[in-house]
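*Asks:* Please find one structure pasted underneath; my questions will follow.
Read-outs throughout are calculated quantities, based only on the coordinates presented, and are distinct from any laboratory measurement. The structure displayed is predicted, hence computed values, not measured ones. Note: ideal-geometry Cβ built from the backbone for every residue, glycine included; neighbour counts use all protein chains shown.
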């Protein structure tokens, strides 16, 4: 029997969903995506959960898509095609979702953070949109990122792929708080305690208000970006970039 890679625990009104695949840096493998979607559904449907906290074990929050599964796969077989449903579940969740990061996030992992309502990260945590460096594009994750992050910052970070720390992430709107590593638990608990003071129906309605007209088109936006993303993963550049990453060498275009 395969060990579970994502865990759900509900206690004192807080549903904690934990990514637990440290061997591959909590990459978005088929199994992890399937279990994360299922646990998100269970937490959202639970009358006991007033707040959802998305966190992780190991030193990395989430490294993005599992590139080993993407190697050699056609556009229709790319795992990215079921990733949008996960983002939309978080985005549309009537229960507030807090991302809790003690380690770095990359590519699709940053998309998970952007889809959450609040996010707390330790100050040393780093983020990066590494897609262009392996020949793909940050298409699907752009849908939750564009409404949240400063446009000028996204241009720089999407195009260069450079890493940035939690303080910068807070400055540009990606996360809510950057705090010392030993203060992350307390900061998440502080937000959770405040959220539990809100009426569930009022919180859900306020989330809809904040999403605005864009929420009605998110599914269409995700569908368009999924097609683009899957095509890029299966493209000649995408496959060369993935091979280079797995073989620990520079891709052919890097000079």
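*Asks:* Quote to one decimal, in nm, the extra length available between residue 235 and residue 194 on full extension: 0.36 nm per residue of separation minus the C-alpha distance between them. Mind dumping the intermediate values first?
*Replies:* Working: separation 41, 0.36 × 41 = 14.76 nm, distance 4.64 nm.
So the chain would gain 10.1 nm between residue 235 and residue 194.
*Asks:* Between the helical axis of 236-246 and the dominant principal axis of the chain, each derived from Cα atoms, what acute angle in degrees is found, rounded to the nearest 10?
*Replies:* 70
*Asks:* Follow-up. Round to the nearest 0.05 the FRET efficiency obtained for residue 30 and residue 185 when R0 = 22 Å and r is the Cβ-Cβ distance. It would help to have the intermediate numbers written out before the result.
*Replies:* Values: r = 31 Å, r/R0 = 1.41.
Step by step, r from the Cβ atoms, then E = 0.10.
*Asks:* Averaging sequence separations of C-alpha pairs under 8 Å and six or more residues apart, then dividing by the length of the chain, give the relative contact order as a whole percent.
*Replies:* Details: 488 pairs, mean separation 50.8, N = 255.
It rounds to 20 percent for the chain.
*Asks:* Separate question: Which parts of the range 217-255 would a label at residue 68 reach, counting a residue when its backbone N lies under 16 Å from a point 7 Å out along Cα-to-Cβ?
*Replies:* Residues passing the 16 Å test: 242-248.
*Asks:* Quick one: angle between helix 151-160 and the longest Cα principal axis of the chain, in degrees between 0 and 90, rounded to 10, please.
*Replies:* Helix 151-160 sits roughly 40 degrees off the main axis of the chain.
*Asks:* Still on this structure, I have one more. Between residue 167 and residue 57, what is the FRET efficiency for a Förster distance of 25 Å, r being their Cβ-Cβ separation, to the nearest 0.05? Walk me through the numbers before you get to the answer.
*Replies:* Details: r = 24 Å, r/R0 = 0.97.
Given R0 = 25 Å and the Cβ-Cβ separation, E is 0.55.
*Asks:* Rg to Rh ratio, the range 39-150, alpha-carbon atoms and Kirkwood radius?
*Replies:* Working: Rg = 14.4 Å, Rh = 14.8 Å.
Radius of gyration over Kirkwood radius for the range 39-150 works out to 0.97.
*Asks:* As I understand it, the value is the acute angle between the Cα axis of helix 83-92 and the longest principal axis of the Cα atoms of the chain; what does it come to in degrees, rounded to 10?
*Replies:* 20
*Asks:* Let me ask another. Rank the residues 225, 194, 65 as a footprinting-exposure proxy: fewest other Cβ atoms within 10 Å of their Cβ go first.
*Replies:* Details: 225 20, 194 12, 65 28.
Lowest to highest Cβ neighbour count: 194, 225, 65.
*Asks:* Could you put 68, 100, 248, 207 in order, starting from the residue whose Cβ has the fewest other Cβ atoms within 10 Å? Kindly include the intermediate steps, with their values, before the conclusion.
*Replies:* Values: 68 13, 100 25, 248 6, 207 18.
Placing the least packed residue first, the sequence is 248, 68, 207, 100.
*Asks:* For a quick check: sort 35, 69, 236, 4 by the number of other beta carbons within 10 angstrom, fewest at the front. Please list the in-between numbers first.
*Replies:* Values: 35 21, 69 17, 236 9, 4 14.
Neighbour counts put them in this order, fewest first: 236, 4, 69, 35.
*Asks:* Taking the alpha carbon gyration tensor of the range 126-255, what are the square roots of 5 times its eigenvalues, largest first, to the nearest whole Å?
*Replies:* Values: eigenvalues 217, 88, 31 Å².
Semi-axes, largest first: 33, 21, 12 Å.
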